[in-house]
Amino acid sequence: MREDFIREPKGIQKWWEDCGLSGQNVVWRQKKISELKGIYKNEDALVAFGDRLAYRVANQNFHRTDYVKGNLQWGVTYLEAYCVDGECSMTHGHFHIDRDCDEYYYGLQGEGFLLFWDGADEFYAEKVFPGSLHYISGKYAHRIINSGESVLAVAACSLPATKQDHAVIEQKPFPFRCYKRNGEIRWVGEG
C-alpha cells in the first residue's frame, strides 16, 4: 500500500468555537463599513465607523481562475453586529449574473435573516440561525442581515461561474430595510 493512501482533508470547517474555515486554497477578503456606500439608508452615518470591519469572507476554491460552470466553492461570511442609524448590519447583496446558477447557505452561528428578492415584486426573508439551511434560486438577489448581538457566520456552497452583480442592488435597493430599535426588529419599506 502506498504511504499517501490516507490523506488529511483539504479543508476544515469548524461548527464549533469561531466557525473558522481553514485548509488548502482558502482565501480571505474583507469589507469595511465605510466601503458599503449605496447600501445603508443613511450614508452620512457611515463616516462615524471609520475603518471598522463590516464583514469578512473565507473561500475555498480549487479553480479560482477557472469560471467553468460546475466547479464549486465553499465559503463562510462572518458579518459583524452593528447598526447604522438603527439599520441592522448587512452584506452588500447581489444577483447572480448567470441566473441559472443556484446556491446554498447554512447558518453556523448568530442570528439574522437572509433576504430574497426577484428584482420586481417578490420579496421575503428567512430566519438564519445555527443549523438553518437556505436554498437560493439563481433568480433571486440575496443579502445577509445580522439582527443579533454577536457575529453572524453563514456558510455557502456556490458556483464561482455565477459571478456576482452588485450594481443592480446599488441602483435599485432591496424593497425593505431591517431596523433594530430598543431590541425590537422592524421592517421598513423603501418606497
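Observations on the structure shown:
- Pick from segment 149-191, criterion touching a strand residue (DSSP E or B) at 6+ places or on another chain (Cβ under 6 Å) and in a loop (DSSP other than H, G, I, E, B), ranking: farthest from GLN60 (Cα to Cα): PRO175
- For GLN30, the criteria (1) more than 21 Å from ALA153 (Cα to Cα); (2) modelled with pLDDT of 95 or more; (3) in contact with a strand residue (DSSP E or B) (Cβ under 8 Å, 6 or more places away or on another chain) hold in every case but one, which is (1).
- Test: residue in segment 68-76 that is under 29 Å from ARG186 (Cβ atoms), assigned to a loop (DSSP other than H, G, I, E, B) and modelled with pLDDT of 95 or more: no
- Remark: ASP44 falls outside the filter, which requires a residue to be more than 19 Å from VAL26 (Cα to Cα), part of a loop (DSSP other than H, G, I, E, B) and either without any contact (Cβ under 8 Å) to a residue 60 or more places away in the chain or acidic (Asp, Glu) (or both).
- Residue among ALA45, ALA58, ALA54 that is surrounded by 12 or more Cβ atoms within 10 Å (Cβ to Cβ), more than 23 Å from GLY110 (Cα to Cα) and among the hydrophobic types (A, V, I, L, M, F, W, C): ALA45
- Just one residue in the set GLU149, GLU170 is acidic (Asp, Glu), surrounded by fewer than 15 Cβ atoms within 10 Å (Cβ to Cβ), modelled with pLDDT under 95 and under 24 Å from GLN30 (Cα atoms); that residue is GLU170.
The values are calculated or read from the model by the stated rules, or taken from the named source; none is laboratory data. Not measured: the values here are computed from a predicted model. Backbone-built Cβ (ideal geometry, glycine too); neighbour counts: all protein chains shown.
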